[in-house]
Amino acid sequence: MIHLGMHTDNWRPLSGSFQMAVDSAVKYGLTHIEFGVIHGQYFVNGLGYDPAVSLYSNPRRLRRILEQRGLQVSQIDAAFPMMGPEGSAFGVPYVQQAIRFAAEIGCPIVDTTDGAFKTEGYSDEEVFRIACENYKQCLAWAEDYGIIINIETHGPYTTNPDFLERLFQHFESPYLRFNFDTGNTYISGKDPVEYLKRFRKYVSHCHIKDVSPGLAAAVRGEETGIGCSEVPVGGGVNAENIKKCLEFLKQSGWDGVVSIECYGADENIRKSIEFLRPLVA
């Protein structure tokens, strides 16, 4: 069964709070929510102008509040770039603590990715070896806590299907899976439907993003990822691909959460849900 959720990061461009995102999810009858985490404290978040959650916060209280509002957490977004030396220094401990937090709140998945640009001064082969070591350290935690680590299509390595497939095959672990993103695959110049079909066996969660005509014309094939859709899902040039992706997931018996990523203005959220609900029913 496909469940519909949303990412609280939709409210970041609007300087919105985590509470605003939760209220929107409840208003539209969603069952799942996803959020980013902060490894420490951030003053903008503390002032209520950022929709992420600090890993210093009380996870059991958060779980209780969300359960009281009928929400489950589908995935924690800990997407610090993992494919390089900074991933070793900062990404590994960040993901490890996100895994601990996820286990406390009953969330099954922690999301990771590569980054917007290739790692300067390193060949793809060197980056691959570093990525393997970084994920090896994180997977040791994932296995102990029973939490899946996802890799999301977002940067030059994860939107390179050969690199990504090699990474999955290196581990062939049930704890290393794929967060498929309709918008990032499209903006990178790939066919989202074909990308999804190639990696279907690994998919455990999806981000659903549309792409505005103007953005597609300006940067498709040059950029590898976008934070969220400027237009409602269904209101851009990626709408037909999204329909085909969801139909393929249903036909193949996929069970999981598809998370809406679009600007969190109420009209955007409403239109996105109206477009997606019949497709996931």
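Computed values, structure above
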item	result
Relative contact order [Cα under 8 Å, 6+ residues apart], region 33-171, whole percent	23
Calculated diffusion of region 91-245, Stokes-Einstein form, Kirkwood radius summed over Cα pairs, 10 °C and 1.306 mPa s, µm²/s	99
For region 23-159, projected area of the alpha-carbon convex hull averaged over all directions, nm²	8.9
Nearest-20 debye value, the chain charge dipole, Cβ charges on Lys, Arg, Asp, Glu	840
Ordering of 92-102, 12-22 by packing [mean C-beta count within 10 Å, highest first]	92-102, 12-22
At R0 = 41 Å, FRET efficiency that the Cβ-Cβ distance of E143 and A116 yields, to 0.05	0.90
Relative contact order, percent, the chain [alpha-carbon distance under 8 Å, six or more residues apart]	19
Cross-link pairs beyond the 27 Å C-alpha cut-off, checked among K244/K271; K136/K244; K118/K271; K118/K244	K136/K244; K118/K271; K118/K244
Estimated vicinal HN-Hα couplings, Hz - region 44-50 in sequence order (Karplus 6.51, -1.76, 1.60; Gly, Pro = x)	5, 5, x, 7, x, 10, 8
Sequence-distant residues sharing a close amide H with G155 (under 5 Å, placed H)	D114, G115
Rounded if a/c under 1.5, otherwise prolate or oblate - the chain, Cα gyration tensor axes	rounded
Mean projected area (nm²) of the alpha-carbon convex hull when region 183-258 is viewed from all directions	4.7
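Each value in this text was obtained by applying a stated rule to the coordinates, not by laboratory testing. All figures in this text were calculated on a predicted structure; none of them were measured in a lab. All Cβ positions, even for glycine, are placed from backbone atoms using ideal geometry, and neighbour counts span all protein chains on display.
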